[in-house]
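So the structure is just underneath, and the comments pick up after that.
The values are calculated or read from the model by the stated rules, or taken from the named source; none is laboratory data. Quick caveat: nothing in here was measured; it's all calculated off a predicted structure. No Cβ is skipped: glycine too gets one built from the backbone with ideal geometry, and neighbour counts run over all protein chains shown. Note: accessible area is taken over every heavy atom of the protein model, side chains too, but ligands, DNA and RNA are not part of it. Shrake-Rupley method; radii C 1.70, N 1.55, O 1.52, S 1.80 Å.
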Amino acid sequence: MKIITMKTFLLVPFFALSFIIHGFAQTPDPGLTGPFAVTSGTYDYGDLAFTTTDFPNGIEVRGKVFYPTSLSPGPFPLIMILHGRHETCYQISNNNTVSIWPCVTGQNEIPSYQGYDYLAQTLASQGYIVVSIGANSISATDNNVSDWGMLARAQLMQHHLDLWKTFNTTGGSPFGTSFVGKIDMTRIGTMGHSRGGEGVIKHALYNKAQGS
């Protein structure tokens, strides 16, 4: 009886390891380019387009989207990315950075939301619609609110998701009807870095609280 128990003990890990190795062999490397050709686009409704009573400053509504060039195999899952806290503007004359919003004359925006182009390109080639959104206004002001801008980031993400719901149902500027029926709004992934990650966690709770 002891020998049978020992054999069983040894065989279970063996089969488990065999299954894991086999599973890895079947899983595509997510860092490799997928089968879909990719197109990108942007939308921009202004530096102060979104306001909420919970945040003292107007917030920009802009994003960059990467998606399969041919949307006919859709609908595709949607992934939304939120960048972390960084300086928001730089002086054109000397490249010194500052945290104000909006940027003023003589300054250009630091477009942190474009820093995920490499990731969005790869994910889109694998069959996702990927949107990276700007949150510089929050980064410039979040030290002045008690939650460091977590709720504002969550509300901004919800606003963008509402936009994409509209793009998927009736369409809207600047994409027209290109995305109508092409987004699977039941499969949405959100991801963020640093304070963007805090915003993503807060958004999961905020979204659930909407009850719809």
*asked:* Which residue is surrounded by the fewest Cβ atoms within 10 Å (Cβ to Cβ), if the candidates are limited to the stretch 72-92 and must be of a type in the set (S, T, N, Q) and under 24 Å from the mean Cα position of the chain (by Cα)?
replied: SER72
_I'd like the residue in the stretch 111-120 that is more than 24 Å from LEU48 (Cα to Cα) and open to solvent by 20 Å² or more (accessible area, probe 1.4 Å) and, out of all such residues, is farthest from the chain's Cα centre (by Cα)._
TYR118
*Given the residues SER137, SER132, which is the only one that is in a strand (DSSP E or B), of a type in the set (Ser, Thr, Tyr) and either open to solvent by less than 40 Å² (accessible area, probe 1.4 Å) or closer than 28 Å to PHE179 by Cα (or both)?*
SER132
_Step by step: first the residues of the stretch 56-71, then only those that are assigned to a loop (DSSP other than H, G, I, E, B) and within 15 Å of ALA152 (Cβ to Cβ), then the one that is most open to solvent (accessible area, probe 1.4 Å). Which residue is that?_
PRO56
_Can you say whether TYR118 is without any contact (Cβ under 8 Å) to a residue 40 or more places away in the chain and within 27 Å of THR27 (Cβ to Cβ), as far as the supplied structure shows?_
yes
_Output for the stretch 156-185, where each listed residue is among the aliphatic types (A, V, I, L, M) and either open to solvent by 50 Å² or more (accessible area, probe 1.4 Å) or not in a helix (DSSP H, G or I) (or both)_ = VAL180, ILE183, MET185
_Could you check the stretch 186-211 and list, in sequence order, the residues that are in contact with a Pro (Cβ under 9 Å, 6 or more places away or on another chain) and open to solvent by less than 60 Å² (accessible area, probe 1.4 Å)?_
GLY189
_If the requirement is being open to solvent by 40 Å² or more (accessible area, probe 1.4 Å) and out of contact with any strand residue (DSSP E or B) (no Cβ under 9 Å at 6 or more places or on another chain), which of these qualifies: ASN95, ASN108?_
ASN95
_Close pairs from the stretch 32-50: first under 17 Å from MET157 (Cβ atoms) and open to solvent by less than 60 Å² (accessible area, probe 1.4 Å), partner hydroxyl-bearing (Ser, Thr, Tyr) and modelled with pLDDT of 95 or more, Cβ under 8 Å, at least 6 apart_ = TYR43/SER173
